[in-house]
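Structure, as structure tokens:
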Amino acid sequence: MLLQVSDLAIRSRSGGVRILDGVDLQLGAGEVLGLVGESGCGKSMTCYAIADLLPAGLVRAGGSVRFDGVDMGSLDEPARRRLRGGRIAMIFQDPTSHLNPVHRVGTYLEGALKRHRGLSGTDARMEAIRLLERVGISDAKRRMNAYPHEFSGGMNQRLMIAHALACEPDLLIADEPTTALDVTTQAQILDLIETVRAETGMAILIVSHDLGVIARLADRAAVMHCGRIVETAPVEALFDRPAHPYTSALIGCMPTVDPDDCDPPRPIRGSVPSLADLPGGCHFHPRCDRRMPACGLARPPLAALADGQSSACFNPVPTW
Ligand SMILES: Nc1ncnc2c1ncn2[C@@H]1O[C@H](COP(=O)(O)OP(=O)(O)OP(=O)(O)O)[C@@H](O)[C@H]1O
């Protein structure tokens with residue numbers, strides 16, 4: 001297993017609010033795992049915790065992240081830094097805010113090539129130009145001298161992907177990589193991620209609130225609700241036969257462009273509870289059509305069903 005996240009807990013430094021509460025995730029080499037869920041459920045913080053980039057206000061409260069068999073918590077900071085940006089790369093929703101505005105494009109890429117692949121001088125410059133061409137940035141030689149603010153949002157996302165590729169990572173973490181882009185550019189970036197995956201065989205953890213993106217790119221998906229994983233399954237099973245009522249409700253919210261599908265999207269009733277004041281038991285039970293008395297009393301564990309599907313529900317939707 002390339003990545004094994006076990007019982008990961010994250011809480012806020014002030015107030016002790018549980019942001020992640022026992023997250024379990026596995027990702028095999030070359031696999032694409034999609035992480036979905038409503039806004040604020042902890043998708044980004046899961047990515048940041050894996051990449052060891054938690055914001056200052058949050059701390060680890062338990063659990064482990066093992067990468068290629070090594071517990072990342074047992075490594076010192078230099079070793080963790082070598083992993084991050086070396087074997088683990090990350091791209092973000094808003095690439096422009098993660099790029100240093102005073103660094104030229106060439107300097108940014110050459111720096112990564114020097115740090116992680118030991119290239120310098122002409123070799124680094126030639127490789128940086130090749131990477132820009134590879135991610136579809138035209139006139140790459142001239143654009144090596146540009147600053148990020150001279151690039152569009154889509155070009156800066158391509159630049160971040162080039163930066164990730166510079167390190168030849170085994171795992172790319174992509175946190176909402178297309179959310180801030182217009183639909184045409186979104187499609188181009190998804191094409192690029194698919195191409196890069198096919199060429200390199202790297203594993204990808206992709207976060208999106210857009211189930212269509214996950215259906216297109218992922219082999220498997222994990223559904224998150226209020227800091228917990230409530231379902232994991234191969235994507236076809238997840239979309240065809242969701243077992244957790246929350247997954248089923250999320251899919252019911254999806255708009256469709258199919259003219260034969262007359263069902264309007266059905267919003268999930270009620271609102272997402274505050275992490276500071278969660279209902280006991282299954283946090284979804286007050287909004288759930290399939291709730292039973294036990295659901296408010298105890299936390300259902302993530303239990304295996306058939307064919308690689310797991311669900312954390314006492315009364316799952318029948319999947320047969
Ligand atoms: N620095 C921080 N200090 C305290 N709480 C934080 C901090 N950063 C995020 N949070 C809280 O952690 C929770 C999970 O946030 P996260 O960004 O992971 O959600 P998300 O599922 O990625 O949402 P979205 O789809 O809107 O990006 C939210 O309730 C958020 O308010």
ask   = Name the pairs: first residue in region 288-300 and in a loop (DSSP other than H, G, I, E, B), second residue surrounded by fewer than 13 Cβ atoms within 10 Å (Cβ to Cβ), Cβ to Cβ under 8 Å, at least 6 apart or on different chains?
value = L297/G280
request  = State yes or no: is T46 hydroxyl-bearing (S, T, Y), at pLDDT below 95 and crowded, with 16+ Cβ neighbours inside 10 Å?
outcome  = no
remark   = By residue number, the members of region 173-197 that are within 16 Å of the ligand (Cβ to nearest atom) and part of a loop (DSSP other than H, G, I, E, B) are E176, P177, T178, T179, A180, L181
key: Single unsatisfied condition, A140 versus (1) under 28 Å from I50 (Cβ atoms); (2) without any contact (Cβ under 8 Å) to a residue 12 or more places away in the chain   = (1)
ask   = Only one of G85, G121 is in contact (Cβ under 8 Å) with a residue 60 or more places away in the chain, more than 11 Å from the ligand (Cβ to nearest atom) and more than 25 Å from R220 (Cβ to Cβ); which?
value = G85
query = Taking the stated definitions as given, is L205 assigned to a strand (DSSP E or B) and aliphatic (A, V, I, L, M)?
reply = yes
query = Applying the selection to region 31-75, what residues are more than 21 Å from E231 (Cβ to Cβ), part of a helix (DSSP H, G or I) and within 8 Å of the ligand (Cβ to nearest atom)?
reply = Y48
task = Within region 12-30, work out how many residues are more than 9 Å from the ligand (Cβ to nearest atom) and buried (at least 17 other Cβ atoms within 10 Å of the Cβ).
result = 7
ask   = Which one of these is in a helix (DSSP H, G or I) and away from the ligand (no atom under 15 Å from the Cβ): A243, A215, A233?
value = A215
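Residue-by-condition table, conditions (1) at pLDDT 95 or above; (2) within 20 Å of P177 (Cβ to Cβ):
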residue	(1), (2)
G73	no, no
R80	no, no
H98	no, yes
R134	no, yes
M144	yes, no
message = Looking at region 197-211 only, could you name the residues that are surrounded by fewer than 19 Cβ atoms within 10 Å (Cβ to Cβ) and among the aliphatic types (A, V, I, L, M)?
response = A198
remark   = By residue number, the members of region 270-281 that are in contact with a Pro (Cβ under 7 Å, 6 or more places away or on another chain) and touching a residue at least 40 places away in the same chain (Cβ under 8 Å) are P273
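Go through D7, D94 for me and flag whichever is modelled with pLDDT of 90 or more and not polar (S, T, N, Q).
Numbers: D94 fails: modelled with pLDDT of 90 or more.
So the residue among D7, D94 that is modelled with pLDDT of 90 or more and not polar (S, T, N, Q) is D7.
The values are calculated or read from the model by the stated rules, or taken from the named source; none is laboratory data. Quick caveat, the model's predicted, so the values are computed rather than measured. Here Cβ is always computed from backbone atoms with ideal geometry, including for glycine, and neighbour counts include all displayed protein chains.
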